[in-house]
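Okay, handing you the structure first.
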Amino acid sequence: MYSLLDTAISWLLFVFGVSIPFYLILGAIGISGFREITSYEKYDTFYYNLNASIKILLSVVIVLIATFAIWWIGAIITFGLLASYVTLKNGWRKMYLTGFLILSIIIGTVWGYAPYEPLGIVSMALHTPVSSFTTVWTWPPYFSILGYEPHLTLQSLYYSFQISFRFTAAVVASLLLVMTNTPAQIIKTLSRFRIPDPVIFSLVVAMKTVPAVFESFDTSIKISLMRGYGGNKPKFLRPFVILAAAVSCIVPTIVHLLRGAKDIGISADTRAFRAYPSRSYFMQTPFKREDYIFSGILVIMVTATIIAIMMGFGRAIPYLT
Amino acid sequence: MGFNGIGADLSVPGMIPWEIIVAYFAIALGFVLYYSRKTGGLKGYKTVDFVYIGIGAAFTVVWEFFVGPLLDKIVPPGLSAFIGFGFFGRIIILFIIAGLVRKPGVGMLSLAIFDILGDIFHYGFSGEPIFVFYEALTYGLFIDIAITIRRGNLFGNFSTGKTKNGIGAYAQKHQELFAAITGGIIGFTWAFPDPFFYSGFFGPFLYGSIVNWQKILITFAESIPGNIIFGIIAGLIALRVARVLGQ
């Protein structure tokens, strides 16, 4: 029979999986922390001198490597790149914030996949028969309503842990691009792909807006809290209160942002936007010494991965879900 | 490895035949090109429309990649197919933008920019340009078809009110009902792309993932109620925001 203690532990595990990513993100990073890791700041170190196209290439290469090589290669790349964040402006702080984001992604992925990934699929992925799985925890029978598998196995934890590095590597590389290049530089690179001007314009507006979204979102939520939203709730529920406030703040925030749209439109028009079929660029983005060095590093990474794949360290887990 | 991480696997068992997918996208693209020739395409857009689209895409990225995943954690996994806050946020925000711009093409343009932005901030560019086309020509196209059918009055006819006293109470109720119905219908159509197009074709095509039709059908059926409800809510919000911003 299922004892009361086991039930309590099961629910505790459930609550743990639900709330830890939460506390990590809202407690350690905070919504304004996201602004710091999504906006460009002027500085002068290696990454800042790199051409945006190289960093876009980096993100493509990294995702490819994470997809095709064994999981720990993705993990090494994730943490290696994260460590190199130290060279950025306010590097330690950025590494700290992104580190927590990565940690919450890993825990979130593990907890989001492991308890309810069908054992048949895990067995297929790990090439191990279900019978030899190690059961870590048996859930109460009614947990199946939540979509849980009856048992939590070591193998499904391992499987979902591996999967998480497919997401993290791309996130680290993408944030690096956003933090070290101005929107104009990134857009200039993308404009080589013959994307129409209005689309590029929208993209510039969008990139400039992302940090602003975090900022006005944060303000909006804080104002709700100041007005007493969830004021009588106990302190440990605070992240949930913030989240509930976030939901009710979507519309005010978007209205606030859209109200500024007309000004942006007018100011673009006064500078003769769309008056000519194509536009000219004031800024040049030549290839510098750093770019060649970094391209070399990329080539080494790709070769190393190809060698690793040939040595049998290829993708262990197929894409199943 | 294929080009840019695209496995181009056409032989996964159970996959939707590629001919159907190609036919769908050919027809969709043909419709879009024909219609944009007829209406002047992006030339009919004002600069502020592009700003709206950009802001909408930025907000969707913030919501879907940074805030939404947190909310989704609260939802018990068994219910996660019914309730996806990240996706619902996308519905609301993009409907607001569509309700503001109200010109055919806004859906596709918004989704395309959202996708590129998502690559810059989150995914990396692997697998492109498949995703841009896939999302723009499914989710985006559905909005654009609705705008085309409604001749620009996507969530109600608030801008052409000819009476000087504004819209009467009766008309306002009428409009709200109308916006809710339109939103619900578009929300319903948004239940199609992910299970059928992605799990049934692009997932296996790009990564060789396994096609499980039972799962596809269940995901589809489970996502319908939530999408319709949030479509209705989004339609009403879009109408209200458009009124506030006084287009």
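With springs connecting C-alpha atoms under 10 Å apart, model chain A as a Gaussian network and identify which of A:Lys233, A:Lys55, A:Lys188 has the largest mean-square fluctuation.
Of A:Lys233, A:Lys55, A:Lys188, the Gaussian network model singles out A:Lys233 as fluctuating most.
Got a number for carbon plus sulfur as a percent of the stretch A:1-180's accessible area, 1.4 Å probe?
Whole-percent figure for carbon plus sulfur exposure: 72.
In addition: For the full complex of protein chains and a 1.4 angstrom probe, list B:His174, A:His151, A:His127 by accessible area with the highest value first.
Descending order: A:His127, B:His174, A:His151.
What average count of beta carbons from other chains do you get within 10 Å of the Cβ of residues in A:19-31?
Numbers: counts 2, 1, 4, 4, 0, 1, 5, 2, 0, 0, 1, 0, 3.
For this peptide, the per-residue mean of nearby foreign Cβ atoms is 2.
Compute, for A:Tyr158, the solvent-accessible surface of its heavy atoms (probe 1.4 Å) with the complete set of protein chains present, and express it in square angstrom to the nearest 10.
110 Å²
With r as the distance between the Cβ atoms of A:Ala8 and A:Leu225 and R0 = 35 Å, compute the FRET efficiency 1/(1 + (r/R0)^6) and round to 0.05.
Rounded to the nearest 0.05, the efficiency is 0.65.
While we're here: With runs of 4+ DSSP H residues as the only contributors, calculate the mean residue ellipticity of the protein assembly as shown at 222 nm using -39,500 (n - 2.57) per run, divided by the residue total and rounded to the nearest 500.
Numbers: 24 runs with 359 residues, N = 568.
Calculated from helices alone, the mean residue ellipticity at 222 nm is -20500 deg cm²/dmol.
Now for a separate question. Please compute the length gained on full extension between A:Leu103 and A:Ala83, using 0.36 nm multiplied by the number of residues separating them and subtracting their Cα-Cα distance.
The A:Leu103-A:Ala83 span can extend by a further 5.8 nm.
What shape does the protein assembly as shown have by the C-alpha gyration tensor, where a ≥ b ≥ c are the square roots of the eigenvalues, rounded means a/c under 1.5, and otherwise prolate means a/b greater than b/c and oblate the rest?
Note, shape of the protein assembly as shown comes out rounded.
Rounding to the nearest 10 and keeping the result within 0 to 90°, find how far the Cα-based axis of helix A:154-180 lies from the longest principal axis of chain A.
10 degrees
Please work out the FRET efficiency for the pair B:Ala26 and A:Arg238, using the Cβ-Cβ distance as r and a Förster radius of 51 Å; give the result to the nearest 0.05.
0.45
Another question about this same structure. Peptide A:236-246: average number of partner chain Cβ atoms within 10 Å per residue?
Across A:236-246, the average partner-chain Cβ count within 10 Å equals 2.
Still on this structure, please answer the following. Who wins for biggest fluctuation among A:Pro252, A:Pro234, A:Pro211 in a Gaussian network model of chain A, springs between alpha carbons below 10 Å?
Most flexible of the set in this elastic network: A:Pro234.
Relative contact order, percent, of the stretch A:182-282 when contacts are C-alpha pairs under 8 Å separated by at least 6 residues?
Normalised by residue count, the contact order of the stretch A:182-282 is 30 percent.
Same structure again: From the square roots a ≥ b ≥ c of the eigenvalues of the alpha-carbon gyration tensor of the stretch A:1-180, which class results: rounded (a/c under 1.5), prolate (a/b over b/c), or oblate?
Verdict is oblate for the stretch A:1-180.
Still on this structure, please answer the following. How well do other chains shield peptide A:52-61, expressed as the mean number of their Cβ atoms within 10 Å of each residue Cβ?
Details: counts 1, 0, 0, 1, 4, 2, 1, 7, 8, 4.
Across A:52-61, the average partner-chain Cβ count within 10 Å equals 3.
What accessible area, summed over both chains, is buried at the B-A interface (1.4 Å probe, Å², nearest 100)?
Buried area (both sides, nearest 100 Å²): 5400 Å².
Taking the mean number of other Cβ atoms within 10 Å as a proxy for protection, how do you rank A:242-251, A:218-227, A:8-17 from highest to lowest?
Listed from highest to lowest mean packing, they are A:242-251, A:218-227, A:8-17.
If you don't mind, there's one more thing I want to ask. For the stretch A:187-192, what does the Karplus curve 6.51 cos²θ - 1.76 cosθ + 1.60, with θ = phi - 60°, yield as ³J(HN,Hα) per residue in whole Hz, taken in order and with x for Gly and Pro?
3J(HN,Hα) across the stretch A:187-192, in whole Hz: 5, 4, 5, 5, 5, 5.
Give me the percent of accessible area attributable to carbon and sulfur for the stretch A:182-282, probe 1.4 angstrom.
Values: 3510 of 5810 Å².
Taking all protein chains in place, the stretch A:182-282 shows 60 percent carbon and sulfur surface.
Along the Cα→Cβ direction, 7 angstrom out, place labels at B:Ile218 and A:Thr135. What is the inter-label distance in nm?
Label at B:Ile218, label at A:Thr135, 2.1 nm between them.
Quick one: helix A:91-113 against the long Cα principal axis of chain A, what's the angle to the nearest 10°, folded into 0 to 90?
40 degrees
A further question on this structure: In nanometres, what is the gap between the two model label sites at A:Leu298 and B:Leu177, each 7 Å from Cα along Cα-to-Cβ?
Output for this residue pair reads 5.9 nm.
Enter the accessible area per residue of the stretch A:1-180 (Å², integer; probe 1.4 Å; all protein chains in place).
Accessible area per residue, the stretch A:1-180: 40 Å².
Counting only C-alpha contacts under 8 Å and six or more residues apart, can you give the relative contact order of chain A as a whole percent? Could you put the intermediate results ahead of the total?
Details: 308 pairs, mean separation 94.3, N = 321.
The value is 29 percent.
Oh, and also: Once you keep just the Cα pairs under 8 angstrom separated by 6 or more residues, what percentage relative contact order results for the stretch A:1-180?
Answer for the stretch A:1-180 is 34 percent.
Give me the angle, in degrees from 0 to 90, between the Cα long axis of helix A:289-308 and the longest principal axis of the Cα atoms of chain A, rounded to the nearest 10.
That works out to roughly 30 degrees.
Apply the a/c threshold of 1.5 to the C-alpha gyration tensor of the stretch A:211-280 and tell me whether it is rounded, prolate or oblate.
prolate
Using every Cα-Cα pair within chain A, state what percent have a distance larger than 35 Å.
Numbers: 18676 of 51360 pairs.
The answer is 36 percent, as a whole percent.
The values are calculated or read from the model by the stated rules, or taken from the named source; none is laboratory data. From a predicted model like this one, the values you see are computed outputs, not experimental measurements. Cβ atoms come from the backbone with ideal geometry, glycine included; neighbour counts cover every protein chain shown. Quick note on the areas: whole protein, heavy atoms, side chains included, nothing else; ligands and nucleic acids left out. Shrake-Rupley method; radii C 1.70, N 1.55, O 1.52, S 1.80 Å.
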